[in-house]
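This report concerns only the one structure given below.
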Amino acid sequence: MHRTWAIIERELRRFRRSPMLIVMSLVMPIVQLIVLGYAFGGQVKHLRVGLVDQDHGVPAVRLHELSNAVASNAQTFTPQMYNDLGTALGDLRNGRLNGVLAIPPDFSRRMLVGSNPRVALIEDNTDNFVSASLAGAYSGLITSYNQPVASGQRTGTQTSLDVVEMYPYVPYIQYLLPGSIVMSIFMMVMIGGGIIFVDDKARGLHEGYLVTPITRLELILGFNLSGAIKAVLAGLVLMTIGSLIAGVPNPFEPLRLLRMFVVIVVTAVALVSMMFLFMVRVNDPLIPRATFGVLNTFLYFPSGAVYPTQAFPGWMRAISKIDPFTYAVHALKSLVLKNTGFGAIGLDLLFLALFSLASMTLATKLFRRTL
Amino acid sequence: MPAAIDVMHIVRKFDDFTAVDDISFTVRRGEIFGLLGPNGAGKSTLIRMLTTLIPPTSGTAEVDGIDVVRDPNGVRKVIGVIPQALTSDLELSVYENLLIFAKLYGVPRENRNKLIAGLLESVELTQWASEPVKKLSGGMRRRVEIARGLVHSPRVLFLDEPTTGLDPVSRAAVWEMVKKVKEQHELTVLLTTHYMDEADSWCDRIAIVDHGRLMALDSPLRLKASIPGTNTIEASFGSAPADWTEQLASLAGVERVTGDAHVARIATDNGPETTTAMFAAAAEAGVSVLSLAVESTTLDDVFVHYTGRQLRDALQEPSAADRSIMINRGR
């Protein structure tokens with residue numbers, strides 16, 4: 001028994017003298033509690049809805065007003081007026097809108113003659129949480145629209161809401177796939193650009209480079225391009241295997257594969273630059289290992305990979321705004337779930353490119369050619 | 001023709017701590033020059049300044065006539081550096097390790113294979129060329145690193161603790177290899193070590209460094225001759241009289257006698273003379289000499305003389321090798 005105590009004593013003494021391990025073992029569950037706690041199940045808000053009024057009659061205007069009232073109270077959605085349905089549907093397809101409420105030309109007439117007036121809610125249903133919230137909000141709105149008002153001027157004609165889904169049903173596994181592709185890129189970057197990079201530095205391998213006539217730029221490019229190549233390979237493997245597992249329709253459509261390849265390359269460069277910035281001055285091999293989990297939690301969950309960002313509290317939406325995962329996940333979701341073109345993901349690619357540029361510039365400034 | 005290495009009043013400070021304090025020396029072409037000193041003496045800082053890894057705070061250093069601060073890339077082209085930690089890629093083969101470094105040094109494609117083949121022959125690893133480095137023993141890995149440091153035909157080779165952690169047979173093999181490549185490639189070699197016996201037998205000249213200062217610099221032979229007391233005689237005696245130790249103390253050249261009349265240690269500044277006198281005295285007194293050993297002064301004695309302390313007493317920083325063990329243990 002004495003010998004057992006000797007082992008226990010040794011382990012506890014060592015544990016006490018590694019404050020980093022103690023802190024990280026406590027920080028990780030707390031971070032997960034907070035981030036995951038707010039990442040799931042929040043109320044979806046601030047959805048963008050295009051309102052197309054082809055009728056302009058008084059009953060239609062009443063519908064706008066009600067819509068604006070709901071928007072300013074519950075804040076589930078923000079209506080935006082469109083003059084023609086084509087533009088609104090175009091924006092819906094490109095992801096600028098979450099839904100379009102169309103009031104048809106004969107809405108007021110049908111209302112007055114009591115002949116079954118209808119409005120249509122056309123939804124981007126690639127996010128089931130978003131589309132269910134939107135449909136719920138509008139069916140509540142139509143219900144209150146149908147309530148007789150105090151003056152008794154209404155005839156009792158009931159307006160009905162037709163919900164039209166733009167895309168086939170998206171199973172959750174397909175919804176998760178873009179996040180998993182980005183995660184595979186991140187993992188490779190974390191291992192190659194984080195853990196191995198710092199280990200090599202600590203083992204003195206980088207000294208081997210520094211005594212050769214290699215320039216600073218060549219060295220930085222070498223580290224980052226090798227990391228990016230590995231990360232792209234990981235992303236491509238997950239794209240292929242993941243698409244088959246998740247049952248993505250037409251998984252090998254060449255044009256979409258090409259677009260996804262571009263997104264994966266841009267994402268890999270962005271994440272490699274970010275990791276290089278984080279690790280450029282780190283010499284302790286424990287640090288990348290200790291920060292791995294926390295970094296992963298902070299990047300993955302607020303990105304909208306598992307739940308829509310519209311359901312997050314303000315602070316988490318702020319994280320998602322600067323999180324490169326958000327833009328990579330959004331771009332890949334557009335391609336995988338909606339098969340859009342570059343038009344729908346241009347802003348994502350632009351953000352990732354600027355993010356890479358900023359990280360790489362800062363990291364290059366911090367990088368030392370000497371020990 | 002400039003000296004292989006010319007160091008003038010070089011200083012390196014880390015905040016308030018002066019790691020290298022105004023050191024000057026010259027390394028001649030073609031010699032094996034040893035830097036001897038405990039860990040923390042400033043040897044590594046000195047070697048890192050000479051290999052352009054850290055800039056000096058003041059003073060200058062030239063390698064092959066090229067200033068390490070003004071033209072670091074010029075220096076990098078003419079030096080080969082073999083760091084203390086074994087840093088070859090374990091997953092890559094011996095050949096691949098050399099190939100990558102040939103590319104890093106910009107060795108033209110048409111010369112690479114011939115050069116690598118020649119180097120592998122020099123370090124006797126030709127038959128292991130396609131084996132992954134992880135299959136090789138410590139001594140063989142060190143030889144891979146030596147070949148790696150020579151892949152661009154440098155003129156000056158720096159080795160930091162080349163034999164640390166190796167068994168005695170491998171250590172001898174590494175030294176023979178260093179000597180051989182030095183001659184084959186007409187190199188100048190600067191190395192650090194804390195094995196006194198190795199420095200003694202393999203270095204042409206030795207600089208003793210302690211607390212960042214150069215304490216002594218000369219050939220091993222002259223360093224040993226420069227300190228008082230050159231030999232120790234250890235002998236055991238049969239039928240020695242009671243005053244035998246006093247008699248021993250009065251012999252020619254004897255500085256001190258320790259032990260007793262049966263087993264005595266005699267410190268002398270002239271071993272042969274004292275030994276002869278001791279035999280004469282023993283014959284006269286009827287004492288029989290049962291065993292005898294005459295030891296020369298070692299570099300250990302030189303080191304103690306110049307630094308006032310034993311090499312082993314220095315507090316150690318964790319080495320890169322220790323750190324990699326910590327990594328492997330997942331700490």
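The values are calculated or read from the model by the stated rules, or taken from the named source; none is laboratory data. The structure displayed is predicted, hence computed values, not measured ones. Quick reminder, even Gly has a Cβ in these numbers, built from the backbone with ideal geometry, and neighbours come from all protein chains shown.
Suppose the filter is assigned to a helix (DSSP H, G or I) and either in contact (Cβ under 8 Å) with a residue 24 or more places away in the chain or under 37 Å from the mean Cα position of the chain (by Cα) (or both); does A:V23 pass it?
yes
Among the residues in the stretch B:312-321, are any modelled with pLDDT of 80 or more and away from chain A (no Cβ under 14 Å)?
The answer is no; no qualifying residue exists.
Please count how many residues of the stretch B:201-227 are free of Cβ contacts under 8 Å to residues at least 24 places away in the same chain and basic (K, R).
Total satisfying the criteria: 1.
Considering only residues that are at the interface with chain A (Cβ under 9 Å from one of its Cβ atoms) and in a loop (DSSP other than H, G, I, E, B), look in the stretch B:44-77 and name the one that is farthest from the chain's Cα centre (by Cα).
Selected residue: B:P55.
For the stretch B:269-298, name all the residues that are part of a strand (DSSP E or B) and of a type in the set (G, A, S).
Matches in the stretch B:269-298: B:S288, B:S291, B:A293, B:S296.
Can you name the helices (runs of 4 or more DSSP H) wholly within the stretch B:115-219 that have at least 3 residues being more than 22 Å from B:T298 (Cβ to Cβ) and in contact with a Phe, Trp or Tyr (Cβ under 9 Å, 6 or more places away or on another chain)?
B:138-149
Considering only the stretch B:87-111, state which residues are within 9 Å of chain A (Cβ to nearest Cβ) and either farther than 20 Å from A:T215 by Cα or in contact (Cβ under 8 Å) with a residue 40 or more places away in the chain (or both).
Answer for the stretch B:87-111, where residues must be within 9 Å of chain A (Cβ to nearest Cβ) and either farther than 20 Å from A:T215 by Cα or in contact (Cβ under 8 Å) with a residue 40 or more places away in the chain (or both): B:T87, B:S88, B:D89, B:F101, B:Y105, B:G106.
Condition first: closer than 26 Å to A:I214 by Cβ, touching a Phe, Trp or Tyr at 6+ places or on another chain (Cβ under 9 Å), assigned to a strand (DSSP E or B) and in the same structural domain as B:D204 (by TED's automatic domain parsing). Can you find one or more residues in the stretch B:17-38 that meet it?
Scanning the stretch B:17-38 turns up at least one residue that is closer than 26 Å to A:I214 by Cβ, touching a Phe, Trp or Tyr at 6+ places or on another chain (Cβ under 9 Å), assigned to a strand (DSSP E or B) and in the same structural domain as B:D204 (by TED's automatic domain parsing).
Give me the pairs: first residue in the stretch A:354-371 and more than 14 Å from every other protein chain (Cβ to nearest Cβ), second residue loosely packed, with under 14 Cβ neighbours inside 10 Å and not in a helix (DSSP H, G or I), beta-carbon distance under 8 Å, and six or more apart or on different chains, which are they?
As it stands, the answer is A:L366/A:R281, since those pairs meet every condition given.
Provide a single number: the residues in the stretch A:223-277 that are among the hydroxyl-bearing types (S, T, Y) and surrounded by 16 or more Cβ atoms within 10 Å (Cβ to Cβ).
So the first thing to find is which residues in the stretch A:223-277 are among the hydroxyl-bearing types (S, T, Y), and the list is A:226, A:240, A:243, A:267, A:273.
Then keep just the ones that are surrounded by 16 or more Cβ atoms within 10 Å (Cβ to Cβ); that gives A:243, A:267, A:273.
Number satisfying all stated conditions: 3.
For B:V27, only one of the following conditions fails: (1) within 14 Å of another protein chain (Cβ to nearest Cβ); (2) under 20 Å from the mean Cα position of the chain (by Cα); (3) within 14 Å of B:T188 (Cα to Cα). What is its number?
(1)
Kindly evaluate A:A120 against the criterion of being under 30 Å from A:Y169 (Cα atoms) and in a strand (DSSP E or B). Steps first, please.
Values: under 30 Å from A:Y169 (Cα atoms): yes; in a strand (DSSP E or B): yes.
Criteria met by A:A120.
Assess whether A:G194 counts as being within 14 Å of another protein chain (Cβ to nearest Cβ), within 25 Å of the chain's Cα centre (by Cα) and either crowded, with 21+ Cβ neighbours inside 10 Å or among the charged types (D, E, K, R) (or both).
yes
Taking the stretch B:202-234 as the search range and keeping residues that are at pLDDT below 90 and of a type in the set (G, A, S), which one is nearest to B:G42 (Cα to Cα)?
B:S226
Being over 26 Å from A:N296 (Cβ atoms), assigned to a strand (DSSP E or B) and of a type in the set (G, A, S), is that true of even one residue in the stretch A:31-52?
Checked against the condition, which is being over 26 Å from A:N296 (Cβ atoms), assigned to a strand (DSSP E or B) and of a type in the set (G, A, S), the stretch A:31-52 yields at least one hit.
For the stretch A:197-247, give me the residue count where each residue is facing chain B (nearest Cβ under 9 Å) and at pLDDT 95 or above.
0
Which one of A:S359, A:S320 is surrounded by 16 or more Cβ atoms within 10 Å (Cβ to Cβ), among the small types (G, A, S), part of a helix (DSSP H, G or I) and more than 9 Å from the chain's Cα centre (by Cα)? So that I can check it myself, show each step before the final result.
Working: A:S320 fails: more than 9 Å from the chain's Cα centre (by Cα).
Testing whether each residue is surrounded by 16 or more Cβ atoms within 10 Å (Cβ to Cβ), among the small types (G, A, S), part of a helix (DSSP H, G or I) and more than 9 Å from the chain's Cα centre (by Cα) leaves just A:S359.
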